[in-house]
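What follows is one structure encoded as structure tokens, with my remarks underneath.
What follows is calculated from the coordinates using simple rules that are stated; it is not laboratory data. Since the structure is predicted, the reported quantities are computational estimates derived from the model, not experimental observations. Every residue, glycine as well, gets a Cβ built from its backbone with ideal geometry; the counts of neighbours run over all protein chains shown.
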Amino acid sequence: MRSISLIFRSVVKPFIFISALSLGVQGFAQEVPALQAEEAATADAAPAEAAAAPSKGDPAAGAAIYKQKCTSCHAIDRAVVGPALKGMSERHDEQWLIKWIRNSQALVASGDPAAVKVFEEYNKVVMTPFPELTDDDIVNIIAYVQTEGDKPAAPAGGAAAGAEGAVSGDSGEVSNFMLGGLILVVLITLLVILVLNRVIKTLDRVILQKKGIAVEEDGVVSTKETAYEKIRRLSKNKKLVFFTILLVVILLGSWGWKAMWNTGVHQGYQPEQPIKYSHQLHAGTLKIDCQYCHTGAYKSKNATIPSLNVCMNCHNYVQATDKYNGEISPEIMKIYKALDYNPDTKEYGPNQKPIQWVRIHNLPDFAYFNHSQHVSVAGIECQQCHGPIQTMEEVYQYSPLTMKWCINCHREHDVNTEGNGYYDKVVEVHDLLKQGKKVTPAVLGGLECGKCHY
Amino acid sequence: MKSNKKYWKGLEELKSSPEFVEKNKNEFAEQIPLEDVLSEGGLNTVAPRRDFLKALGFGLGAVSLAACQTAPIHKSIPYLVKPEDVTPGVANYYVSSYNGQSILVKTREGRPIKIEPNEKSLFGNTGTDAATQAAILDLYDVSKLKGPKLDGADTSWDKIDSFVKGELNKLQASGKKIRIVSSSISSPSAKSVIAEFITQYPNTVHVQVDAVSYSGILQANANSFGKAVIPSYRFDRADVIVSISADFLGTWISGEEFTKQYVGNRNSASLKKGKMSRHIQFETGMSLTGTNADSRIPVKPSEEGPAIIALYNEVTGGQLPGAQALASNTAANTAIKLAAKELLQARGRALVVSGSNDVSIQTVVNAINSALGSYGTTIDLDNQINNYAGNDAAFSSFVKEMNNGEVGAVFFMGSNPAYDYSDPKLFTDALAKVPLRVSFSDREDETASLCTVLAPTSCFLESWGDESAVEGYFTIVQPTINPVFNTRQAEQSLLAWSENPQKNYYQYVKSYWEKNILPGAGKSWKDLLQAGFVYTGAKPAGSYAFAGDLTGVAQTIVSQSKALAKDIEVHLYQNGAMKDGRYANNAFLQELPDAVSKVTWDNYAAVAPKFAEEQGWSEFDLVEIKGENGYTIVLPLLLQPGQARGTVSIAVGYGRTKAGQIGKVGENAYPLAKVANGSVQFHTTAAISKTGGKYELAQTQTHHSYEGRNIVRETTFADYKKDPHAGTTAHGAAHHNYDLWPEHKKIGHNWVMAIDLNACTGCGSCIVACNVENNIPVVGRDEVRNRRDMHWIRIDRYYSFNDGGKSVTKEDEISELENMDNISVVHQPMLCQHCDHAPCETVCPVIATMHSSDGLNHMAYNRCVGTRYCANNCPYKVRRFNWFNYWNDSRFDNYLNNEFTQLLLNPDVTTRSRGVMEKCSMCIQRIQGGRLAAKLEKRALVDGEIQMACQQACSANAIIFGDMNDPESAVSKALRNERTYYVLEEINTMPGIGYQTKVRNIVEA
């Protein structure tokens, strides 16, 4: 019987070690799937277009103009510089709105009571006249505002971003759950083994005692033994020493492995910026379109950080005085200082100094990346790479920006060929699409070195 | 028919000297001293194991440290107020003009980075010359003056203005002469500014002088037809062209325009119509034009005059004396007779040009052309070329005036006589007698350093202005950047000093155009800034008949010819890169190999191999050349096949002492020139003696050996007419090709290129365009000697023998040949062939080079570890290895090692670092950019929309790039041509670049 217990013990001891090791390794491994959580967020391009808009205008056409011309001062459901636009077609008739949008000052000057009222109500801020808009354009805008206003309040961040977040969240939870379960099973197994071990030991002893054999307690430490002697004794246990060293090597190795792979990867990098600009406020709460400031993203390789004249479109008036006891917000003051702008006289001085932002996304020079290719041609949402930017008080690097990350995306996503005459002429693509096959950038040679490195 | 003509790149290859064979065994000239390293330290040390562990430990530590780094802080600074038309990352193009050619300037984030031809302009369907491509570097040249100077001290523009105005008023009162000395000015606005300056200071005279003068032609036309103009030559209308030492495809008058016209009669389209011009060249040194000629006959400078008289006599049946001097040169004598016959057959479609600056010679040439009915057809005197108006006689009398102390003030505007005048001592001594000496030069050059007031003018990329290269054709110069240094354009300075009511030159140009040019063309200023040019239309070309007595003229020619007939005759010329020396500080041009000799970074004395043998000279011997006036220079000898025996050719434009940090190259040959018959003549005599030293020229001609494989194809026009496939061996078709690799699937596009050897003249502007576009480093003279030039595209120049129509096929026959005078040349642009079965791809151990699905051979620099196996395995020898960090290494202080010139770098192309292989990428940034543009506009890609940098720079349209998957594309059509062949197709590399056989219009005598 004794031999049984010895055999059992000799098996159990290494098993415990190995389990402990595997736990440790899993602990590291756990972080890896998080990196890979970029799941294919096939953003629904058309999020359930509202059935037949009641207005005669074309809301889709209006949306484009709205984003381009209106978002700097207006939001649908809250007052920004100008009033909230929701319900404007109930408040005013269409002809009045056309006149007002085209040249509000003319309407005010003509003494129109409604116009004067709005003008007074909003601190006599002059709305930019838009003589270039046709009646149809304005009707389209009105239609767009109406459809948008009729929608129930969307979750922060817009539909697409929300969907994306949900998907990646899901995939994260699944893998975490499975991992947790695994760890639990291992822990339970360990516990069972330990308990069984104890039981066997006790049984062993009972049997031996019953047989009347005096047993010198095996493994029981004499109380007089000092800590030093204990270590000396343990150090003579070759198995223990071996496994300890193995553990240390594996731990160091896996740490080193991880560290080396992450050299130059700055995911989560969140430098301090010269102005505490909040994307949460501007993109999240105020829902200013990304395009409004980052104009380059649609036509250039650089998304471009907006120049200060873009800021001044709104911050001429928006000074957040209500939050600073009537003083102009110190962050907005930084814009004024850079432009040498005097908010009282509304004049620009000569001592202008540009703002030195700190770059967050640093792609190496040998990798060519073009925003317009991804934003305008592929139609990818900004959030896919930049994360939930509309919730970021301070922006951080959301994606790892590693080549693996690029390539994964190029392997998984379909090329946005629809309605693009360029791809119509690429015959092979046409054939593949006809066969119902997936056309990813990889199929079109998007994984070849020279497509990004030249 | 397979041509087995023997082609060779240089004498060393022809003779297969042991050193040459040894050197060419290896891909790289120098071996890495690996054995030394290993035998000295390395493995033989006491405890290599410990060293290994040390290195390992250090490496691990370094990696751990690197892993701990935080992200680097990169600042991103947006505009304060963004200009509406500038988007960072998107290039803007502005029309401008350079040397009379309408150009487009590509700017990125406000800095000009590339010059491209304005395709929509009148003459500029494609192409610019090498100097135009390289001119962008001059904008950032740190050797330029950083601001105005007065008596050697930095000063402000205000102080300069008040000082100069004060002096001018004093001079005006005292009645002393004021002179503005400029190179030829074609700008109507600038001429008007000078005219108004003269109104303010009536003692002023404007003297125009050119370093390389055409006053002989101007004077001859004045004498013959009463019009002192340079006519428009129409090589496109000429079926028979006889050129007597005129390098009209390169440096003579307007090489780019003439190339376009000339090639139009020789390219694929013309051959399809069964038409090809015939070109006969008589010349001393081998020029670019000579290499392209169908027949080329070497003549000495002293034989040129007699040759022209003989031609006159043959054409008109006249009896001018002097033709008998040519009798000793039997080849030339018979050739002249044949040429006259051909010219007469092509009456009205014939053209005779001469590169001489002698009035007498040009007068006889006028008489010949008149007899051939060229006026009104191939020569247009009514729409003259305005680029050269320099008057040698006027300049000589100006120097006399200075010497007499009559001149009170002189302004130098784009001219540098202290360097390029034939008697610099006379000039500098005379200049010292002028109290107010003002220079507008952008740098403190040879003349400017003798001046008291330095008012540096801005680069043309920083200036407003206009040009009129040809009568009725006006181009606008508009700035693309604020002045980089504290400079002010010369016209603006003149406006300020002449108290002109209009102080702003921009306003001046604008109002000048709105008053004088735009109304006639029915265009607005805005139209002009978009189109870049206005053409008021050509006047009808009148026909002119030569009338006059040539006897006296012939006498002058005979006496001048006699004076030249010495033991050693000297022929001074310009080469295509350096031209007259104005671009000496441009590293791109210094490293551009000469079109014929393939020498970089130096000038040299070119002599015929047989002549050198007779004299006991050998290649690279340093010789002392003593001119007629006692001026002496020491130059290395270069054995140039095709050079007339008894002559030596020396390029001017070198030996600048004050051009800047890299301009001090070679020796100045201008003082060898002499003033005779009222003009500066580049034909002279000299005594030559060996100094005993040797100097190795940095020559690229035999850097890349093909081990005797036949890679050029050639045929004659007669054979071509019988069979368009003549000379083009379709080797691939005869074989069944077995592929080891699966076929590359060309999804979407298949990028290929077609190069017409019959269109390529070998000028080399594609090389410079490629350098600028692709951030290719300039490596300098020593590295070129080490065979480490970095050019992605090169022009291989092959010689072959013409021995009385027989082609020489075997090496042993070569030694039996009497001379090397009678050779012909083929130019072949060579660049990465983007093979479908690329030998380089299979040997790369790290898969840094691989094939793409659109037919390109990609090179991932950041993956390359520098084994250089690929270069060893490339049969085309087109891969280049970065031996150093050329852009950040003080040993290569050529152009990139400062913050100014680095602004020139194309931000879309990576700068390669040391230890990395590179090669032609087929301008992949342009392909990707063009595709993206189409995708953004949601339309199909248009053929011709994407152009390679080399293609764009080619005036001859020899390079066509496009998509082979589109059967209607220009390149598909070009590659379907019967003359198409692929280089080394027999080794089944399946190149992506097809060449078209060279055709020579040889008439069987």
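Per Stokes-Einstein, at 37 °C and 0.692 mPa s, what whole-number D in µm² s⁻¹ belongs to region B:487-554, with the Kirkwood radius over Cα pairs as the hydrodynamic radius?
On the way: Rh = 15.8 Å.
Reported coefficient: 207 µm²/s.
Note on A:Lys434: lysines with a C-alpha under 16 Å away, same-chain residues under 8 apart excluded, are A:Lys425.
Going by neighbour counts of Cβ atoms within 10 Å, the residues B:Lys144, A:Lys211 line up, fewest first, as A:Lys211, B:Lys144.
Over all distinct Cα-Cα pairs of region A:312-454, the Kirkwood formula returns a hydrodynamic radius of 19.4 Å.
Packing here is the average count of other Cβ atoms within 10 Å per residue, and on that basis the peptides A:339-350, B:893-904, B:237-248, B:712-723, highest first, run B:237-248, B:712-723, B:893-904, A:339-350.
Here is the P(r) of region B:232-385: all C-alpha pair distances, binned every 5 Å from 0, give 2, 10, 20, 25, 22, 14, 6, 2, 0 in whole percents. The value of relative contact order for region A:59-150, using C-alpha pairs under 8 Å at least six residues apart, is 45 percent.
Counting only other chains, and only Cβ atoms inside 10 Å, what mean value do you get across the residues of A:361-373?
Values: counts 3, 5, 0, 2, 4, 8, 2, 7, 0, 6, 1, 7, 5.
The per-residue average across the peptide is 4.
For region A:59-150, a crude dipole built from +1 on the beta carbon of Lys and Arg and -1 on the beta carbon of Asp and Glu, taken about the Cα centre, is about 320 debye to the nearest 20.
For B:Gln384, the residues whose amide H sits under 5 Å from its own are B:Glu471, ignoring neighbours fewer than 5 places away on the same chain, with H placed 1.01 Å from N. Taking amide hydrogens as placed 1.01 Å from N in the peptide plane, the amide H of B:Gln681 sits under 5 Å from those of B:Lys674, B:Val675, B:Ala676, each at least 5 positions away in sequence or on another chain. How high is the relative contact order of chain B? Use alpha-carbon pairs under 8 Å, at least six apart in sequence, and give a whole percent. Relative CO of chain B lands at 15 percent.
Provide a whole-number value for the mean count of partner chain Cβ atoms within 10 Å of the Cβ atoms in peptide B:930-943.
Numbers: counts 0, 4, 7, 2, 6, 12, 9, 4, 9, 5, 7, 4, 1, 0.
So the per-residue partner count for this stretch is 5.
Antiparallel beta bridges, as assigned by DSSP with both residues in region B:232-385, represent about 10 percent of the total such bridges. When you count the other C-beta atoms within 10 angstrom of each residue and take the mean per peptide, A:181-188, A:441-448, B:634-641 line up highest first as B:634-641, A:441-448, A:181-188.
Using +1 at the C-beta of Lys and Arg and -1 at the C-beta of Asp and Glu, which of B:Leu426, B:Gln261, B:Pro83 has the Cα lying farthest in the positive direction of the dipole of chain B? Towards the positive end, the residue furthest out is B:Pro83.
Taking a threshold of 19 Å on the Cα-Cα distance, which of the pairs B:Lys15/B:Lys877; B:Lys144/B:Lys658; A:Lys276/B:Lys75; A:Lys404/B:Lys746; B:Lys598/B:Lys877 fall above it? Mind dumping the intermediate values first?
Values: B:Lys15/B:Lys877 21 Å; B:Lys144/B:Lys658 10 Å; A:Lys276/B:Lys75 16 Å; A:Lys404/B:Lys746 25 Å; B:Lys598/B:Lys877 17 Å.
Pairs exceeding 19 Å: B:Lys15/B:Lys877; A:Lys404/B:Lys746.
A straight Cα-to-Cα reach below 16 Å connects B:Lys300 with the aspartates and glutamates B:Asp247, B:Glu283, B:Asp358, B:Asp567, B:Glu569, B:Asp821, residues fewer than 8 places away in its own chain not being considered.
Spin-label model, A:Glu347 to A:Val116: label points 7 Å out along the Cα-to-beta-carbon direction sit 3.3 nm apart. Rg over Rh for the protein assembly as shown works out to 1.05, using Cα positions for both radii and the Kirkwood form for Rh.
Computed about the Cα centre, the dipole magnitude for region B:232-385 is approximately 640 debye when only Lys and Arg (+1) and Asp and Glu (-1) carry charge, each at its Cβ. As a rough guide to protection, the peptides B:478-486, A:198-206 ranked by mean Cβ packing within 10 Å, highest first, stand as B:478-486, A:198-206.
For chain B, take N as its residue count and report Rg(C-alpha) divided by 2.2 N^0.38 Å. Please report the intermediate quantities before stating the final value.
Numbers: Rg = 29.0 Å, N = 1005, 2.2 N^0.38 = 30.4 Å.
Cα Rg divided by the expected 2.2 N^0.38 Å: 0.95.
Under the convention that each Lys and Arg Cβ holds +1 and each Asp and Glu Cβ holds -1, the size of the dipole of chain B around its Cα centre is about 1320 debye. Relative contact order of region A:325-454: 19 percent, from C-alpha pairs under 8 Å at least 6 residues apart in sequence. Would you kindly give the portion of the calculated P(r) for region A:59-150 that falls above 20 Å, as a percent of all Cα pairs? That tail contains 27 percent of the Cα-Cα pairs.
Secondary-structure-derived ellipticity at 222 nm for chain B, considering helices only, amounts to -8500 deg cm²/dmol, per-run term -39500 (n - 2.57) for DSSP H runs with n ≥ 4.
For the peptide B:918-927, the mean number of other protein chain Cβ atoms found within 10 angstrom of a residue's Cβ is 2. Ranking B:Thr128, B:Pro671, B:Ser184 by how far each Cα lies toward the positive end of the dipole of chain B (charges on Cβ) leaves B:Thr128 at the top.
When both bridge partners sit in the protein assembly as shown, DSSP labels roughly 60% of those beta bridges antiparallel.
Of the options A:Gly445, B:Met790, B:Ile688, report the single residue whose Cα projects farthest towards the positive end of the charge dipole of the protein assembly as shown (beta-carbon charges: Lys, Arg +1; Asp, Glu -1). Towards the positive end, the residue furthest out is A:Gly445. Listed by chain and number, the aspartates and glutamates whose alpha-carbon sits under 18 Å from that of A:Lys210, ignoring those within fewer than 8 places in the same chain, are A:Asp218.
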